[in-house]
1. Step by step: first the residues of the stretch 486-519, then only those that are among the small types (Gly, Ala, Ser) and farther than 25 Å from SER113 by Cα, then the one that is nearest to the chain's Cα centre (by Cα). Which residue is that?
2. Would you tally the residues in the stretch 68-108 being over 17 Å from the mean Cα position of the chain (by Cα), over 23 Å from PHE232 (Cα atoms) and in a helix (DSSP H, G or I)?
3. Enumerate the pairs (first residue in the stretch 375-389 and surrounded by 16 or more Cβ atoms within 10 Å (Cβ to Cβ); second residue anywhere and not in a helix (DSSP H, G or I)) with beta-carbon separation below 8 Å, excluding pairs fewer than 6 apart on the same chain, so at least 6 apart or on different chains.
4. So how many residues does the stretch 119-132 have that are of a type in the set (A, V, I, L, M, F, W, C) and in contact with a Cys (Cβ under 9 Å, 6 or more places away or on another chain)?
5. Only one residue in LEU362, LEU358 is closer than 28 Å to THR437 by Cβ and without any contact (Cβ under 8 Å) to a residue 60 or more places away in the chain, so which one is that?
6. For the stretch 141-174, what are the residues that are among the hydroxyl-bearing types (Ser, Thr, Tyr) and surrounded by fewer than 23 Cβ atoms within 10 Å (Cβ to Cβ)?
Amino acid sequence: MAQDKKKQKDAVKQAQVVDRDEHQKTTEYRKIGAYLITIPAAKKKFADISDKTKPDPTDNDSSEGPFGLGPLVYPCLQRFNTIECFLTLYFMLTLSHGMLYALVDLSLKILVSQFSASNSETFLMDFSDYFAAFLVSMFVAHFGGRGNRAKWVATASIVTGLSAITFAVLFFHYEIIKLSIVEEDLCKEGKKTKVCGSNVIPHKSISISLFIFGQCLHGIAGVPIYLLALTFIFDHVPTLSSGLYIAIADAALTVGYFLGYLLGVKSFILPVEEAMQAVGHVQRFRILQSGWWKSFIFVGSIPFFTTLPLFCFPSNLPGAHKIRLEKSKEPSRVDRRLKNKEIEPNLKGVLHATWCLLRNPLVLTQILCNVTESVTFKASSHYLPLYLQTQFVMTPKSAAMLTGIFILPGCIIGRFFGGYIVDKLQMNIKNKLKFITTVSVISIVLFLLLISVKCETAKFPGINENYDGFGMIGSLKAPCNEKCGCTTSAYNSVCGRDEKQYFSPCFAGCHASKNLRKEKVYYNCSCIIQGLTTADDEEVYLPAGIQSAWVLCLQFGDSLDLSLHQYILQKHQLYVVVFGTLMNVELKYIVGSIKGNNWSTHL
């Protein structure tokens, strides 16, 4: 009996243990069940998804997704779900956007000259992209930062391609460049000056409207590219490595501008002979403008190749949560006034976030740096070629190419090495600020040195010289050319052997011309009576030469001072140092203050 009671007690205890274990398993199953996700069998079979439980949200982020387009997720493509692949696609997109910048700047000069655009029309065509970007920048940055930033960048790639196609349609469908017979502007007694009448330009309004529309698309596309993409890159790389990544991304714009400049300069060379052989007026001007619309189509095809891969990226790449946790251990980068504030995703929230940003000293300083960089680069690309044309009487093609050769490589090298130095030295914020200050001082000193660089003003009869006492300053006419029938409608300056520049061969009194050493020269010029002469192989003395390059002045005037050559070399050397240093400074500041930019994504 005692043994039977003992067996019953053991059985009860064992049963109680079993019941407790089953209860624990049930409780654990309920806890785990909260993290289980149910996947349809068809989708599971199609995507080859294995049975697994959802990890603890404290250890991972649910927004970290696979590389795929909606339900189309393939394991073999997950190797592209990295920040390096995103950076490669972003580099190609920014490259095309920069190329479009250069082509638009160069084509604008053609439209202004061919359409005789007014100042207001020129202003609208030139700055409409900035105005469009200003209108949408706040909304794109506010709402785009809360969504899938990679998809916003993909949408920007589509808009960039549409912008390039708009410019291509403009040059393909409408006649912008017109061929005209240019008569040699020589001195001929009894020649009558043609009076310019009213000139009606067809398709002017629609062409300008298309150009402005393309500029607006171009500006809108740049907002996600330069705002959302940079924050996306920063969130997926360690803080110390962010400088190099952003330097590569930032240098893509300048590289693209350089390549676009080369394309644009090449497009200035018109296939005139091929166009003259074409049948029909439409076919003729399409061949004549083929360099421009083909360049725009080529540039527009690049962003379309990046669209589909960019749409496949998730909101956060794998490993983003881990990097975010590591950055959370760093000193706080959030403005203390916003630390415990919630900003709603609506118009009121946008205005409140804007007000908070305008009161942040770091953001204001960053804005000032970007404005300075933009103004400097814009002024250099626009006015330096004009300065070279005026000071050294260069052709527009030569001045544009020389400007691009010296400015753009300096920008590219400065931007890239700025991020590389910060990445290798692993500077903290304090050292970055010191480095920025040092390089800024050097940049300012180099700018101040430009004041001491002076070029001797060339003598220009009728402008600052009075035809050796036979004419008046302010009038291009003098007794030596008053019977030549000269006109001021076309500026075609020549350099005489007397070391003076003349408005045209006609105002120099030149009666004949010939080609010599691939350049056109003029002789029998009644207004050039001083200086040395140079005889050619036929013993014809050449008083003047057309100045497609300033070196011709040395060729036809042996007494010309070589200081002009020294000055232009010094000028370009200083521009290389100054602009390379300036862009280097801007990148250092971007790298040093990127932490301050990062907190704006939390708004």
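1. Taking the candidates together, the pick is GLY496.
2. Residues in the stretch 68-108 being over 17 Å from the mean Cα position of the chain (by Cα), over 23 Å from PHE232 (Cα atoms) and in a helix (DSSP H, G or I): 2 in total.
3. LEU388/MET394; GLN389/THR395
4. 2
5. Of the residues listed, the single one that is closer than 28 Å to THR437 by Cβ and without any contact (Cβ under 8 Å) to a residue 60 or more places away in the chain is LEU358.
6. Across the stretch 141-174, the qualifying residues are THR155, THR166, TYR174.
Rundown of residues vs (1) under 16 Å from the mean Cα position of the chain (by Cα); (2) modelled with pLDDT of 90 or more, yes/no style:
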{"site": "ILE110", "(1), (2)": "no, no"}
{"site": "GLN114", "(1), (2)": "no, no"}
{"site": "SER128", "(1), (2)": "yes, yes"}
{"site": "VAL140", "(1), (2)": "no, no"}
{"site": "GLY144", "(1), (2)": "no, no"}
{"site": "ASN148", "(1), (2)": "no, no"}
{"site": "TRP152", "(1), (2)": "no, yes"}
{"site": "ALA156", "(1), (2)": "yes, yes"}
{"site": "ALA168", "(1), (2)": "no, yes"}
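The values are calculated or read from the model by the stated rules, or taken from the named source; none is laboratory data. Everything numeric in this text was worked out from a predicted model, so none of it was measured. Virtual Cβ from ideal backbone geometry, glycine too; neighbours counted across all protein chains shown.
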